[in-house]
Amino acid sequence: ASAINYNPALNFDGSNDFLRIPTTLQDGFPTGNQSRTVFAVSTHNSTALRTVFDYGNNATSQNQSFRYENGTIRYIGYGNDFVATNAFTVGEPFIAMFDHNGTQATINTNGVLRQASNRTYNTILADEARIGSRFAAGEYFVGPIAEVIVYNRQLSATEVQQVNSYLSLKYGVTYNNG
């Protein structure tokens, strides 16, 4: 469907839709405390807690998940979570980015740093990954998800700007490069 700036996206109805990625197709996903950068382009059409992307194991610090709720982004490490409030507007498309360098994690939207926190993860690829749902508890997404991009390393500032610029032009999202 043509969902965000005339580009196709998966449109989730919030009841039981999700895209399943089996563990056999997760080669290259970041594990342990490895650096990582994750982007998601979506429009969240609900004020309830919903999941964009989820992978790992259902145990403390072994899971990685992007969850949105009424303008708040929760980056979940399963018991090792942190939150960025006032990070987006419900019903408007935006680019979310999570970045972890092995010590510090950040949440950004549309190129703006929303939250930074010292974090250590131990991500384990034990369960299927999902787009549009949390594998352990539903939290089915409401709205379109156009892209989820996972890098198994921390991108440089120039690379982050390049990815953000590309996504903002493609999806018509205003990008603030700081």
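Bear in mind that the values in this text are calculations on the coordinates, not laboratory data. Note that this is a predicted model, so its numbers are computed, not measured. So basically every Cβ, Gly included, is an ideal-geometry build from the backbone, and we count neighbours across all protein chains shown.
Points to keep in mind about this one:
- The relative contact order of segment 30-178 comes to 33 percent, based on Cα pairs under 8 Å that sit 6 or more residues apart.
- If you take all other residues with their beta carbon under 13 Å from the beta carbon of residue 76, and give Lys and Arg +1 and Asp and Glu -1, the sum is +2.
- Kirkwood hydrodynamic radius over Cα pairs of segment 1-78, then Stokes diffusion coefficient at 37 °C and 0.692 mPa s, in µm²/s: 230 µm²/s
- Rounded FRET efficiency, nearest 0.05, which uses the C-beta distance separating residue 35 from residue 166 and R0 of 22 Å: 0.60
- Annotation: amide H-H contacts under 5 Å for residue 105 (H modelled 1.01 Å from N, sequence separation of 5 or more, or interchain): 117, 118, 119.
- Cα centre as origin, Lys/Arg/Asp/Glu Cβ charges: segment 36-178 dipole, Debye: 120 debye
- Sites residue 137 and residue 158, calculated FRET efficiency, Cβ-Cβ separation with R0 35 Å, nearest 0.05: 0.40
- Most mobile listed residue (125, 155, 25) in the chain, GNM with C-alpha springs under 10 Å: 25
- Think of segment 60-178 as having a plus end and a minus end, set by charges on the Cβ of Lys, Arg, Asp and Glu; of 113, 164, 138, 113 sits farthest toward the positive end of this dipole.
- In Hz, Karplus ³J(HN,Hα) per residue of segment 119-127 (6.51, -1.76, 1.60; θ = phi - 60°; x = Gly, Pro): 9, 10, 10, 9, 4, 10, 8, 10, 10
- Reported value for segment 27-71: 101 Å³ per residue, from the convex hull of its C-alpha atoms.
- Most positive-pole-ward Cα, 58, 16, 72, against dipole of the chain from beta carbon charges: 72
- Here the scattering of the chain is modelled by Debye summation over its C-alpha atoms, one equal scatterer each and no solvent; at q = 0.15, 0.17, 0.18 Å⁻¹ the log10 of I(q)/I(0) is -0.78, -1.04, -1.18.
- Per-residue ellipticity at 222 nm computed for the chain from its helices equals -3000 deg cm²/dmol, with DSSP H segments shorter than 4 residues left out and the rest contributing -39,500 (n - 2.57).
- Built amide H within the under 5 Å cut-off of residue 42, gap 5+: 94, 96, 146
- Net charge of the neighbourhood of residue 26, taken over other residues with C-beta under 15 Å away and scored Lys/Arg +1, Asp/Glu -1, is -1.
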